[in-house]
Each structure stands twice: as structure tokens, then as C-alpha cells.
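Trainee: One structure, pasted below without further comment.
The values are calculated or read from the model by the stated rules, or taken from the named source; none is laboratory data. Values in this document were obtained by computation on a predicted structure and should not be read as measured data. Glycine gets a Cβ as well: all are built from the backbone with ideal geometry, and neighbour counts include every protein chain shown.
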Amino acid sequence: MVKEGFWYGLPLMLASGGLMGFRLYGASAFFLVLGLLVFNFFRDPDREIPPDPQTIVSPADGRVVEIADGAFEGQPLRQVSIFMSPLDVHVNRAPVAGTVGKVCYRQGTFRIASQPLASVENEQNVFTVEGRQGRVVVKQIAGLLARRIVFWKRPGDALARGERVGLIKFGSRVDVLIDRAVELQVKVGDRVRAGSSILGRFQI
């Protein structure tokens, strides 16, 4: 579990224990269940990372909700959007090995993360990974419930494929923008797992 889980979960568990001492069993059970749900949300399981250097792995757990044409800084790219429900693991990972390039946080609205407009209007943190095969752009996008995006890296940091880079709290979306020549391995409706599911392969 990531450390943020303790900040949110421990107060709920302490409240449950305190209410139990006053024999307020119903309220105690409520805070106990809520605390367990919070701990579950912030879980951080290990993943088996594909060794093939040509692969682009998913940066997030969830369901692929959109594959569309996109762009970044005037460069035409393909966008793969992943919706993360509150039940999914919310730790984000690096899609490729490389170096963190630009990091840009932008405030915005909090539309439902599965909607296409969320990619444009919602609060988001955008970072690039400069890999040997090319640049990959990742957008961490806040959803209706998420009000806090966490990114642990800085420009210039070296990343391994599948390395943990941050998280989005309580429901969100992640967009991955890749070269249109990349051979996609997913389609809309597929479920993916951060670090282990392959989104696509660079052409050698």
C-alpha cells in the first residue's frame, strides 16, 4: 500500500475504535468498513513487467474507453484513454523506459472521467517520457471524485518500464499518447493492468 493510504485510512480506523469504546457499534462498523475500503483503494501490488524493450505497457489499471487521434505540441499522435474506477488500483506506472521530460500540471473541472471532454477540461498532470524508441506522453486526469493528482518524479529522472510514478486519488482517467506507427495491442472495452498489460509495440 502507498503511504497516502495510511493518512486517509488510519484516522477512520481510530474513529472506529473510539466509537466502539463508547458502544456505538453501528457507527463504529461504518467507519471500520470505510477505513477498509480506503486501504483497499490505496493498495499497491507488485506486477510482472514485460521484458521486451519494444513494448509500451499500460500506465494505469482500468478499462480502455477510447482510442482516437490526438496531438501533443503539434505532433499528431494516437490517444489511448483508460478509465480507472474507485475499485481499481490507482498507482500509475511508466509506460516505457526513458527519462522524464516535461511535467505540466493544469487546473480544471471535474467531469466524469470516462467522458471524452475530461481529457481536455479536467484537472490534469501531463508528463513525457523520452525513450530510445521515441516520446510517450501520459496525462493523469482527475475525475468526478478525484481532487488530488500525485506525481513523484521530476524532469530528468530516469525511469524503468513499469516503474511507479504517482497516483490519482478516488477515481480518474489516464490518457497515453503514442506515435501512430505503434502497433496497438488493445481495443476499446479491454481491461488493462498497470505495468503488465501491453498497450502497443514500437515498430523495429
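Trainee: Going by what's in this entry, would Arg173 be described as modelled with pLDDT under 95, on the phi < 0 side of the Ramachandran plot and surrounded by 18 or more Cβ atoms within 10 Å (Cβ to Cβ)?
Mentor: Considered against the rule, which asks whether it is modelled with pLDDT under 95, on the phi < 0 side of the Ramachandran plot and surrounded by 18 or more Cβ atoms within 10 Å (Cβ to Cβ), Arg173 comes out as yes.
Trainee: Considering only residues that are basic (Lys, Arg) and either surrounded by 17 or more Cβ atoms within 10 Å (Cβ to Cβ) or at pLDDT 70 or above (or both), which ones fall in the range 112-152?
Mentor: Selection gives Arg132, Arg135, Lys139, Arg148.
Trainee: When only residues in the range 159-170 that are among the basic types (Lys, Arg) and touching a strand residue (DSSP E or B) at 6+ places or on another chain (Cβ under 7 Å) count, which is surrounded by the most Cβ atoms within 10 Å (Cβ to Cβ)?
Mentor: Going through the range 159-170, the residues among the basic types (Lys, Arg) turn out to be 161, 164, 169.
Right, trim to touching a strand residue (DSSP E or B) at 6+ places or on another chain (Cβ under 7 Å) and you get 161, 164.
Values: Arg161: 21, Arg164: 18.
Of everything passing the filter in the range 159-170, Arg161 is surrounded by the most Cβ atoms within 10 Å (Cβ to Cβ).
Trainee: Within the bounds of the range 32-43, is there any residue that is at pLDDT 80 or above and either touching a Ser or Thr at 6+ places or on another chain (Cβ under 7 Å) or of a type outside the set (A, V, I, L, M, F, W, C) (or both)?
Mentor: yes
Trainee: Here's something else I'd like to know. Can you work out which of the residues in the range 167-204 that are among the acidic types (Asp, Glu) and part of a loop (DSSP other than H, G, I, E, B) is nearest to Val65 (Cα to Cα)?
Mentor: Asp190
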